[in-house]
Amino acid sequence: MVSFENVSKSYGTVRAVSDLSLDLYPGETVALLGPNGAGKSSTLDLLLGLRNADAGRVEVFGTTPQQAIEQGKVGAMLQSGGLMEDVKVRELVKLACDLHRNAYPLERVMEQAGITEIADRMVNKLSGGQEQRVRFAMATAGANELIVLDEPTTGMDVSARQAFWGVMRQQANEGRAVLFATHYLEEADAIADRVIVLHRGRVLADGSAAEIKAKAGARRIVFDLEGHIGEAALRELPFLASLEISGRTVRIQSHDADATVHALYGLGLYPRNLEVAGLGLEQAFIAITDAAAAEEAVSR
Amino acid sequence: MNTLIKLEITRTLRNKKFMFFSVIYPAALYLMIAGGASTTEKVEGTNLTLPLLMMVSMASFGAITAVLVGNSEKIAKEREKGWVRQLRLTSLPGRGYVTAKVASAAVVSLPSILVVFAVAAAVKDVRFDAAWQWFALTAVIWAGSIVFAALGVAVGYLATGDAVRPITFIIYFGLSMLGGLWMPTAVFPQWLQDIAEWVPTHAYAALGQAIEQGGAPHLKDVAIMVAYLALFGGAAAWLYRKDTHKA
């Protein structure tokens, strides 16, 4: 459906996207996750044909991004796309409907986006969250096969965010593919079937949220030790992903917490205040990007 | 695309300041320049009166105001704010935006032409031998404004932010003056007249002046207009494509 083949894009000396290859499939809900400057927006711009790649090939529905959009297969919502001024909300959304090859009825689009009450307001008098909902309405004006969203819930309050993802889930359930960039990790965790972690324009990890967590060390083990702490012995623990000692407290990330804890007792140690907890996607994410940064430092 | 054209026209009409500027301003300027002039005395080098000559000049000037100033600033601003990016994500083909801008500008330029005509006829008693001349003049000035609409699009894609206004106004006033829209080029020194002959605004005004004298537009002026349309249109299209790489 969407295919990136060894795609690179630089701005001057900055490499925003570096030899990126990835494929998206129909019906998937995919989160593009990464810190600022990871290349999320650039990747989406390339996918939408707003920029051209320096090298490599971007294919959308077997054709160029521009053509896929003209055919009405892709709907997109940008992070900061300006809106037309001196027009009413209704007029602008009607424009999006009229421009779409497979448009939905105007009233339905506005209702889904939750903008029916502000339909007669001027676009330039809206709040940030309202503007975002208008952009969402424009992105969902017709039956797209792929919906691309760049940090869609920025500026929305919690309830607006929930409503937004409700509509998005509905779209996904109708068999549509949804690709969204986000830095809200809970969103990626809660909504996406697949999470692609970007870092410095490369794919760092690609899998379900659970797999991403597993990759970083799925569980976290924290305990206190008394007496001398033999760091070397602790480093030899099985399934260890990371080890951190501060004062008396030891923090471990483990791929198999049960085995690690078992081995810990096997060392003859007596851990106090032992806690074993799952890693949030956020910590998993930090762990993955940290590891990548460390690797890069070594290879230099 | 029709919706976009309609919407562009609607919002232009809502922009009162802009409408005032483009519709009232040329007529007001006409009264300032031609208001005190004799309605029978011929301008040197022509067989037309100053009020009649200035009527065509100011109608042309007004049409240019509407399409050039309006387009360049709006396009530059909308590019900067990301609206053009947003529009690229719709099924609207790339040229649709440019077409809509030119079309909506042309709709605004029409009243500015008609207001100048009405004022000239009412206040300065401008008359023609035949009624067709009024219609032909309106058609020619209106059609010719497309050349400047294309120039406006090109400037809008060339300049950004603070630069667009001064650049537009230098082009706008430079072309208006040099083309003889504010004063007949007959009063220019010879060397300036030689340059003015090739300026698009001059050819534009000459189209109208030929009709004033009861003839058809000169082929040379039509050719110059077509050449400039190709040049400005080509530049606009090229800059639009280039914009994709950096938008």
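Here, each number is a calculation from the coordinates, and none is a lab measurement. Given the structure is predicted, the values throughout are model-derived calculations rather than measurements. Methodologically, a virtual Cβ is constructed for each residue, glycine included, from the backbone with ideal geometry; neighbour enumeration extends over all protein chains shown.
Taking the Cα centre as origin and putting +1 on Lys and Arg beta-carbons and -1 on Asp and Glu beta-carbons, what dipole magnitude results for chain B, to the nearest 20 debye? Spell out each step's value before the answer.
Details: 21 positive and 14 negative charges, 274 e Å.
Its charge dipole is roughly 1320 debye.
Based only on Cα atoms, what mean projected area does the convex hull of the protein assembly as shown have, in nm²?
Numbers: hull surface 130.0 nm².
Projected over every direction and averaged, the Cα hull of the protein assembly as shown covers 32.5 nm².
When 1/r is averaged over all different Cα pairs and the result inverted, which Kirkwood radius in Å belongs to the range A:205-260?
Numbers: mean 1/r = 0.0831 Å⁻¹.
12.0 Å is the Kirkwood radius here.
Over 30 Å between Cα atoms: which of A:K73/B:K17; A:K40/A:K213; B:K6/B:K220 fall into that group?
Values: A:K73/B:K17 40 Å; A:K40/A:K213 20 Å; B:K6/B:K220 35 Å.
The pairs that break the limit, which is 30 Å between Cα atoms, are A:K73/B:K17; B:K6/B:K220.
With an 8 Å cut-off on Cα pairs and a minimum separation of 6 or more residues, tell me the relative contact order of chain A in percent.
Details: 568 pairs, mean separation 58.1, N = 300.
For chain A, the relative contact order is 19 percent.
When a footprinting reagent is the concern and you count Cβ atoms within 10 Å, what order do B:K101, A:K88, B:K42 take, fewest first?
Details: B:K101 27, A:K88 19, B:K42 13.
Going from sparsest to densest Cβ surroundings: B:K42, A:K88, B:K101.
As I understand it, the dipole of the protein assembly as shown uses +1 on the Cβ of Lys and Arg and -1 on the Cβ of Asp and Glu, about the Cα centre. Which of B:W238, A:A214, A:L149 lies farthest toward its positive end?
The Cα lying farthest towards the positive end belongs to B:W238.
Grab the DSSP H runs of chain A that are 4 residues or longer, score each as -39,500 (n - 2.57), total them, divide by all residues and round the 222 nm result to the nearest 500 deg cm²/dmol.
-11000 deg cm²/dmol, from helical runs alone.
Under 26 Å between alpha carbons, and skipping anything fewer than 8 positions from B:K124 in its own chain: which lysines qualify?
Within the straight-line cut-off, B:K124 pairs with B:K42.
Take the residue pairs A:K88/B:K16; B:K77/B:K101; A:K9/B:K74 and return only those whose Cα atoms are more than 19 Å apart. Write down the numbers at each step before the final one.
On the way: A:K88/B:K16 16 Å; B:K77/B:K101 13 Å; A:K9/B:K74 30 Å.
Pairs exceeding 19 Å: A:K9/B:K74.
Mind telling me which of B:P26, B:P189, B:P217 comes out most flexible in a GNM of chain B, alpha-carbon contacts under 10 Å?
Comparing B:P26, B:P189, B:P217 in the GNM, the peak value goes to B:P189.
Quick one: work out the % antiparallel among DSSP beta bridges in the range A:95-251, nearest 5.
Details: 12 of 17 bridges.
Percent antiparallel among DSSP bridges in the range A:95-251 is about 70.
Let me know the shape class of the range A:47-102, please: from the alpha-carbon gyration tensor, a ≥ b ≥ c as square roots of the eigenvalues, rounded when a/c is under 1.5, otherwise prolate if a/b is greater than b/c, or oblate.
Values: a/c = 3.80, a/b = 1.76, b/c = 2.16.
Judged from the Cα gyration tensor, the range A:47-102 comes out oblate (a/c at least 1.5, b/c at or above a/b).
If you average 1/r over every pair of different alpha-carbon atoms in the range B:98-143 and take one over that average, what Kirkwood value in Å do you get?
11.6 Å is the Kirkwood radius here.
Roughly how many debye, to the nearest 20, is the charge dipole of the protein assembly as shown about its Cα centre, given +1 on each Lys and Arg Cβ, -1 on each Asp and Glu Cβ, and no other charges?
1020
What ranking do A:D258, A:D86 get, fewest neighbouring Cβ atoms within 10 angstrom at the top? Intermediate results must be reported in sequence, preceding the final value.
On the way: A:D258 11, A:D86 17.
Least to most surrounded, the residues fall as A:D258, A:D86.
Antiparallel versus total DSSP beta bridges in the protein assembly as shown: what percent is that, nearest 5? If you can, show how the numbers build up before the last one.
Working: 38 of 56 bridges.
Taking every DSSP beta bridge with both residues in the protein assembly as shown, the antiparallel ones total about 70 percent.
Rounded, prolate or oblate: which fits the range B:94-211 when a ≥ b ≥ c are the square roots of the eigenvalues of the alpha-carbon gyration tensor, with rounded for a/c under 1.5 and prolate only if a/b beats b/c?
Working: a/c = 2.10, a/b = 1.26, b/c = 1.66.
Oblate shape, in that a/c is at least 1.5 and b/c is the bigger or equal ratio.
Note the per residue figure in Å³ for the convex hull of the C-alpha positions in the range A:140-243.
165
Dipole size in debye (nearest 20) for chain A around its Cα centre, Lys and Arg Cβ +1, Asp and Glu Cβ -1?
Values: 30 positive and 40 negative charges, 61 e Å.
Around 300 debye, computed over chain A.
From the backbone phi of the range B:190-201, what are the Karplus-calculated ³J(HN,Hα) couplings (6.51 cos²θ - 1.76 cosθ + 1.60, θ = phi - 60°) in whole Hz, Gly and Pro given as x?
These are the phi-based 3J(HN,Hα) values: 4, 4, 6, 4, 5, 6, 4, 4, 9, 7, x, 5 Hz.
With just the Cα atoms of the range A:33-183, tell me how far they stretch along each of the three principal axes, in Å, largest first.
If we take the Cα atoms of the range A:33-183, the spans are 45, 34, 33 Å.
Using only Cα atoms, what Kirkwood radius does the range B:12-83 have, in angstroms? All intermediate terms of the calculation are to be shown ahead of the outcome.
Numbers: mean 1/r = 0.0715 Å⁻¹.
After inverting the pairwise mean of 1/r, the radius is 14.0 Å.
What list of ³J(HN,Hα) couplings, whole Hz, do you get for the range A:87-103 from phi and the Karplus terms 6.51, -1.76, 1.60, once you set θ to phi - 60° and write x for glycine and proline?
3J(HN,Hα) across the range A:87-103, in whole Hz: 10, 8, 3, 4, 5, 5, 5, 4, 4, 4, 5, 5, 7, 8, 6, 10, 6.
I need the calculated FRET efficiency for the pair B:M32 and A:Y11, taking r as the beta carbon distance and R₀ as 41 Å, to the nearest 0.05. Display every interim value, and only then the final one.
On the way: r = 50 Å, r/R0 = 1.23.
Working from the Cβ atoms, E equals 0.20.
Pick out, from A:S246, B:T65, A:A190, the residue whose Cα sits farthest towards the positive end of the charge dipole of the protein assembly as shown, with +1 on the Cβ of Lys and Arg and -1 on the Cβ of Asp and Glu.
B:T65
Computed over the Cα atoms of chain A, what is the ratio Rg over Rh, Rh following Kirkwood? Don't skip to the end; give the middle numbers.
On the way: Rg = 23.0 Å, Rh = 21.4 Å.
Taking Rh as the inverse mean 1/r over Cα pairs, Rg/Rh reads 1.08.
Give me B:T65, A:T29, B:T138 sorted ascending by neighbouring Cβ count inside 10 Å, so fewest comes first.
Details: B:T65 25, A:T29 21, B:T138 17.
By the 10 Å Cβ count, ascending, the order reads B:T138, A:T29, B:T65.
For the range B:178-228, what log10 I(q)/I(0) values come out of the Debye formula at q = 0.13, 0.14 1/Å, with one point per alpha carbon and no solvent?
-0.27, -0.32
Taking a cut-off of 14 Å between Cα atoms, list the aspartates and glutamates near A:K94, but don't count ones fewer than 8 places away on the same chain.
A:K94 reaches A:E107, A:E111, A:D120, B:E8.
Would you mind checking which residues have amide H under 5 Å from A:L204's amide H? H placed 1.01 Å from N; only 5 or more apart, or other chain.
Close amide H contacts, sequence-distant or interchain: A:V197, A:L198, A:H199.
Suppose we keep just the DSSP beta bridges with both residues in chain A; what percent of those would be antiparallel, to 5?
Details: 37 of 55 bridges.
Of those bridges, close to 65 percent are antiparallel.
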